[in-house]
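First the structure, in the form of structure tokens, and then the observations on it.
Nothing in this text is a laboratory measurement; each read-out follows from the coordinates by a stated rule. Bear in mind that the values here come from a model prediction, so they are computed numbers and not experimental data. So basically every Cβ, Gly included, is an ideal-geometry build from the backbone, and we count neighbours across all protein chains shown.
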């Protein structure tokens, strides 16, 4: 069954809880220069308006990193997550050049690391660490039906906003 | 039941087979290979020689037995296809047998080019095939080389240089081109890399032809340069380039230039005959022309598109651009786009000097990037360049912008890349 690690920027406050939970779950040792798999940041719009984001692997349906890896380290799971086994990773950084979001990073051993949607946790019936700690519900793990409902709801909300603007 | 043939079993051939099986479980697929090896990745050869990958690691899709079972293929090994009669969709084998198919894929790859002046050498090494890798690997196991000359300052050449340098061997890198990575790097960026290499003690002999080489009875080789000078060495490795393996097709039947010319469906000028991978010229988004873009991922997407079309499902290879990432001697070089295109040059150097970026813009639009030591921004800028070339709205998404800043690019510089668009 397909699953989606869904991010709703309208609910995010870039509090960083997800980033910390991810580092903890994945034993990311920042003191060695290792990068967290999830990254939160705030962007300021031209009018001074603030926008909040939490970014990690998008688990693209046709993930270019899978085709880009010369060693066959990256695969797609049945659920749609982009997983990896870096036994044969040569640290060539090809996956990084393939990724349109700058996600793959490389640990102290030179091998690729990134978000795997806490696949082991999911296999044990748990949600990913970032989802578990997100205090606003910006990060959720959805089924395909739930994702479609979310997207339709968002579309309806946007349409209503537009109608209101036109009415004015 | 349809009958398909795949001639040549590398990255493109494998992905074509996989794609055929996505939609057609019944068809008979004959895969011809002139070796008994599973599909291998030429890019991994230097990693095997360096001891960073076991022999099995050269074969990212597993063994032939696994592949044959998993994808229900008839893999015909150690069998040379001598010709394809395109009009008749017929494969001619070295023993004279002929097999007729409904659709054929030519995925024969490319072979290392060795000029005539080097053809008689007995002790020179190349670096393209598994046999090449095993030969150099075993030679390095047998003895310690004090010095080496590597001809060809390409992505392969630098990896050979790296592995020998790390073994304590004195390396001279030679090339007819005036600079390293001549097909991907801007001259200023090449010079930065060259300075670093010289500082490590690697000698560079660029800008002059290699006239020939002479092997001596004491095991040494004299490499002669066009200016009359020469270099004596214990080890000579040739990485002069590759040539598309197109010989099984007749140019009278099928359009062949440097490679086999294909459309977006990976079909050649003859219906039913497809080509993919390093042997073919697919669409270059930047030039609008067809061109060989000999890269692993490109071969994969082309093979997949070919396989889908052969099986009757629509599949397009959506074109590509020249792009390269090479991680060597603790640095990264990334080249995106055709480095021959000139225009307004914008440069960015991070405050800590940790990375350097050179962008070339034409009419306000980026046409190419060179990046030193920052893999983090490479994929975002590549996706951006492709977006610009496709005529899509050239904006970075919020996520991409956040990541560019995270990896050290300034907001101002990001704005400059899109300001004129």
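Computed packing ranks the peptides B:3-14, A:155-166, B:373-384 as B:3-14, B:373-384, A:155-166, most packed first, by mean other Cβ atoms within 10 Å. Looking at the square roots a ≥ b ≥ c of the eigenvalues of the Cα gyration tensor of chain B, which shape do they give, rounded for a/c under 1.5, prolate if a/b is larger than b/c, or oblate? The shape class here is oblate.
Between B:313, B:185, B:226, the residue with the greatest mean-square fluctuation in the GNM of chain B (Cα pairs under 10 Å linked by springs) is B:226. Cα gyration tensor of segment B:1-137, axes a ≥ b ≥ c as square roots of the eigenvalues: rounded (a/c below 1.5), prolate (a/b > b/c) or oblate? Oblate shape, in that a/c is at least 1.5 and b/c is the bigger or equal ratio.
Mean per-residue shielding of peptide A:33-42 is 2, counting Cβ atoms of other chains within 10 Å of each Cβ. Within 10 Å of the Cβ of each residue in B:387-399, the mean number of Cβ atoms contributed by other protein chains is 2.
Cβ crowding within 10 Å ranks B:323, B:216 as B:216, B:323, fewest other Cβ atoms first. At an R0 of 35 angstrom, the distance between the Cβ atoms of residue B:139 and residue B:340 translates into a FRET efficiency of 0.40.
Taking every C-alpha pair closer than 8 Å and separated by at least 6 residues, the mean separation divided by the residue count of chain B gives a relative contact order of 15 percent. The helix-based estimate of mean residue ellipticity at 222 nm for chain A, built from -39,500 (n - 2.57) per DSSP H run of four or more residues and divided by its residue count, is -9000 deg cm²/dmol to the nearest 500. The residues B:145, B:40, B:274, when put in order of fewest to most other Cβ atoms within 10 Å, stand as B:145, B:40, B:274. Please report the antiparallel percentage of DSSP beta bridges with both residues in chain B, rounded to the nearest 5. Bridges in chain B that DSSP calls antiparallel: roughly 60 percent. Taking the DSSP bridge list for segment B:116-240 and keeping only pairs wholly inside it, about 40 percent are antiparallel. DSSP beta bridges fully contained in the protein assembly as shown are about 65 percent antiparallel. Averaged over peptide A:122-130, the number of partner chain Cβ atoms lying within 10 Å of each residue's Cβ comes to 0.
Taking other C-beta atoms within 10 Å as the exposure proxy, B:317, B:269 rank B:269, B:317 from fewest upward.
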